[in-house]
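The values are calculated or read from the model by the stated rules, or taken from the named source; none is laboratory data. Predicted, not measured: the structure shown is a model, and the values here were computed from it. Heads up, the Cβs are rebuilt from the backbone with ideal geometry, glycines too, and the neighbour counts pull from every protein chain shown. The accessibility values were calculated without ligands, DNA or RNA, using every heavy atom of the protein model including side chains. Shrake-Rupley method; radii C 1.70, N 1.55, O 1.52, S 1.80 Å.
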Amino acid sequence: MILKTDRIAALLRDTGAHDPLVITPTPELTELEECGAGAVDFRLGTWFVTLKHARMEALRIGRPNSPSSSFRQLTKMQYVPFGTDYVLHPQAFVLGVTLEWLRVPGNLAAYVTGKSGLGRCGLIIATATGVHPGFRGCLTLELTNVGEIPISITPGMTICQIFFHSVDAVNPTVPGRSKFVGWRRPVLVELKLDRIASQLSRPDA
Amino acid sequence: MTILDSAKQRVRAFLDEVRRLADLEFPYNDSKDALAVLQALFERKLGRLEALDETNDPAVVSQEASLALRSLFVYLPLLGFVLRSTNVRNAFEVFRPFLRLATQVLEPDQPLSARTTRLLLSSEWEYSPFTYQSIPDLPGFVLIGIPAPESANPLLLPLAGHELGHTVWVAKKVCDQVKVGMTEAILTGLTAKFDEFNQYTRLSLSRPEDLVGNLFALTEVKDILEWAVRQGEETFCDLLGLRLFGEAYLFAFAYLLAPGSGDRIPWYPSLTERVGYLVQAAADWHLTPPLDYEKLFGTEVLAGFTAYDSFKASIADQALRAVFPVLVAQSKSITEAAGVRIRLPSEVTRIGDRLALGVPAEHCDCIADIVNAAWAVTHAGDLWSDIATMAGRKEEVLKELVLKNLEVFEFEQLVKRP
């Protein structure tokens with residue numbers, strides 16, 4: 001069940017809860033209570049990650065003997081302070097991050113979507129949208145300009161919206177195991193094939 | 001190639017490098033402003049060199065070339081400093097809050113719009129944090145270098161407070177407050193050990209009055225005073241760091257220096273003395289040093305120095321001891337005049353509770369509260385033990401969280417501007 005913003009505001013106000021929902025900086029709670037929406041707007045943070053195309057043969061996902069063994073070698077981190085712009089050119093892909101640090105309790109999950117106004121300008125916000133119970137940190141955003149003209153974005157602007165929904169679990173206190181927990185900057189981690197995919201990818205398969 | 005040709009070429013090469021650096025991505029304009037000042041300075045120098053030719057007096061040419069060369073020696077390392085201030089390993093979230101603190105301390109009487117302090121925070125390949133002092137052509141710039149491996153560690157921010165102290169020492173003329181007292185203490189110390197002084201210097205002075213009447217003796221006194229003043233400056237910087245950051249300064253200091261390398265240099269107070277002074281001032285200001293703090297540090301010896309150096313250092317130590325209360329009072333009055341309060345225990349607890357919950361705190365009004373809360377949280381043995389994905393990388397997550405907290409603090413400051 002998706003939580004309406006007045007319910008989200010009530011959860012955010014309950015700072016003494018054992019396992020609270022926290023969004024920092026906290027959105028305007030009165031506004032949340034009154035807007036009657038189904039999602040909370042999040043803002044763009046100050047860090048961006050781009051890929052160094054010229055150094056990359058390919059992003060070989062899940063290959064242990066990949067020549068490009070470290071994603072860190074293939075990425076460039078940029079800091080864009082408040083009050084300055086970041087220009088996203090057509091077809092450019094960049095990882096951004098939310099300004100807000102989010103703490104999701106064990107009985108909630110969330111998903112990230114773009115904002116229709118930005119989408120109509122050609123700015124696509126996120127594709128991997130699930131936020132698991134127990135998540136803590138800033139959310140990495142996958143920003144792409146699918147339009148034909150450059151788009152200027154600035155840290156602090158509203159960039160995406162987060163829908164929260166309750167989780168039906170036998171034991172909601174079991175902590176989530178997201179590997180993207182506890183980061184303030186966009187995260188690009190090396191992906192590993194799971195057991196079955198690894199079996200399938202063996203040379204003698 | 002003549003001396004003049006090579007001098008011009010060297011300055012042109014420097015200017016080319018300045019222009020290349022100006023194309024970097026600068027998170028904050030202060031570094032770029034510093035480059036612009038250096039560019040203007042060296043363009044003037046180049047102009048002076050270009051105005052010379054073979055018809056000029058060779059002594060004039062040589063003098064001008066020498067001046068330009070000296071400037072290159074001074075300013076080339078600064079270009080590297082500017083370059084490293086743009087590196088993304090730096091904790092850029094710290095920049096604006098620390099600049100605000102520095103401005104508050106250095107220009108407390110100026111209205112916000114008239115404040116001119118600018119800050120370069122860089123990550124350097126020196127183990128100890130340091131500052132460039134007295135750069136004549138960069139007035140108003142505070143330049144602080146943090147060791148590269150620790151440059152994203154906000155828990156060490158208090159050490160930048162120490163480095164800021166060097167700028168404050170000059171700007172507030174703190175030296176003038178202690179120099180007379182130090183000189184008197186040195187003369188008293190030498191009078192008490194008059195025979196020993198005579199033995200070391202072989203000056204054969206007949207009476208203590210000769211310490212200031214004999215030119216050679218006076219040179220020795222001035223040497224000791226120079227060491228004492230430098231010791232006084234370091235101690236003042238420690239006190240300012242302690243005043244600005246409270247117990248967090250003690251933790252950061254110990255993190256960086258304990259147990260010590262064992263070697264002392266005479267123009268620094270010994271580590272034992274520094275720690276003793278910190279603990280003494282902490283008590284005066286109702287701060288609580290960690291239990292057995294002094295025991296974290298070992299003793300130091302003046303390795304590689306003569307017995308006379310040790311003697312002079314002991315006299316300089318006495319001079320510092322004599323003016324220590326003045327330094328305590330100065331650091332207190334400067335921070336009070338700037339309206340910088342000492343960390344607030346209730347705020348430290350409130351922020352610490354949020355960090356322990358795994359979230360940044362809101363509505364902070366002092367970076368010292370945030371950094372003290374972070375240190376307090378590091379001492380909680382069971383921090384995030386119930387969160388498998390965070391428990392394994394506690395130090396890393398805490399740094400991320402504290403930097404986010406500083407950014408949230410900055411965000412709130414910007415949003416509430418009139």
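Points to keep in mind about this one:
- Counting only heavy atoms of the protein chains and using a 1.4 Å probe, B:ARG84 has close to 60 Å² of accessible surface.
- In a fully extended conformation the segment linking B:ARG341 and B:ASP5 would gain 115.4 nm over its present Cα-Cα distance, using 0.36 nm per residue.
- Estimated inter-spin distance, B:VAL37 and B:LEU203, nm [label 7 Å along Cα→Cβ]: 4.0 nm
- Between A and B, roughly 2800 Å² of accessible area is buried in total, ligands, DNA and RNA not counted and the probe set to 1.4 Å.
- Averaged over the residues of peptide B:20-27, the number of Cβ atoms from other protein chains lying within 10 Å of each residue's Cβ is 1.
- With every protein chain in place, the protein assembly as shown: carbon and sulfur % of accessible area (1.4 Å): 54 percent
- With R₀ fixed at 41 Å, the C-beta to C-beta distance from B:LEU67 to B:ASN29 puts the FRET efficiency at about 0.90.
- Average accessible surface for the range B:1-86: 54 Å² per residue, computed with a 1.4 Å probe over protein heavy atoms with every protein chain in place.
- The loop-placed chymotrypsin sites (Phe, Trp or Tyr not before Pro) in the range B:97-153, going by DSSP, that have at most 14 neighbouring Cβ atoms within 10 Å of their Cβ come out as B:TRP125, B:TYR127.
- Other protein chain C-beta atoms within 10 Å of residue C-beta, averaged over B:348-357: 1.
- With all pairs of separate Cα atoms included, the protein assembly as shown yields a Kirkwood hydrodynamic radius of 28.0 Å.
- Cβ-Cβ distance of B:ASP109 and A:ARG60, R₀ of 60 Å, FRET efficiency by 1/(1 + (r/R0)^6): the value works out to about 0.50.
- Amide H within-cut-off set for B:LEU143, under 5 Å, with H built and near neighbours excluded: B:LEU120, B:TYR132
- Positive-end residue, chain B charge dipole about Cα centroid, Cβ charges, pick of B:LEU190, B:THR55, B:GLN318: B:THR55
- Viscosity 0.890 mPa s, temperature 25 °C, Stokes-Einstein D of the range B:345-416 from Kirkwood C-alpha radius, µm²/s: 201 µm²/s
- Accessible area per residue for the range B:88-155, computed on protein heavy atoms with a 1.4 Å probe, is 42 Å².
- For the Cα trace of the range B:227-330, dividing Rg by the Kirkwood Rh returns an Rg/Rh value of 0.96.
- Sequence-separation-based contact order of chain A, relative, with Cα cut under 8 Å and 6+ spacing, percent: 27 percent
- Using a Förster distance of 30 Å, the FRET efficiency for A:GLN199-A:LYS76 (Cβ separation, nearest 0.05): 0.30
- Kirkwood hydrodynamic radius (C-alpha pairs) into Stokes-Einstein, chain A, 10 °C and 1.306 mPa s, D in µm²/s: 85 µm²/s
- Residue-normalised accessible area of chain A, given per residue in Å² at a 1.4 Å probe: 53 Å²
- For the range B:88-155: span of alpha carbons on each principal axis (Å, largest first): 37, 26, 17
- Taking the range B:250-294 and a reference point 7 angstrom along Cα→Cβ of B:ASP309, the backbone N atoms nearer than 11 Å belong to B:264-267.
- Taken as Cα centroids, the range B:18-67 and the range B:187-241 sit 41 Å apart, rounded to the nearest whole angstrom.
- A:HIS165, A:HIS53, A:HIS18, B:HIS162, ranked by accessible area, largest first (probe 1.4 Å): A:HIS18, A:HIS53, A:HIS165, B:HIS162
- Ellipsoid equivalent to chain B - semi-axes via the Cα gyration tensor, in Å: 38, 34, 19
- Per-residue mean of C-beta atoms belonging to partner chains within 10 Å, peptide B:399-408: 5
- Rounded to whole numbers, the Karplus 3J(HN,Hα) couplings from phi for the range B:176-190 are 4, 7, 10, 5, 5, x, 5, 4, 4, 5, 5, 5, 4, x, 6 Hz, using 6.51 cos²θ - 1.76 cosθ + 1.60 with θ = phi - 60°, and x at Gly and Pro.
- For chain B, the relative contact order is 15 percent, taking Cα pairs closer than 8 Å that sit 6 or more residues apart in sequence and dividing their mean separation by the residue count.
- Cα→Cβ-extended label distance, 7 Å offset, between A:GLU190 and B:LEU76, nm: 4.0 nm
- Student exercise, chain A dipole from Lys, Arg, Asp, Glu Cβ charges, in Debye to nearest 20: 920 debye
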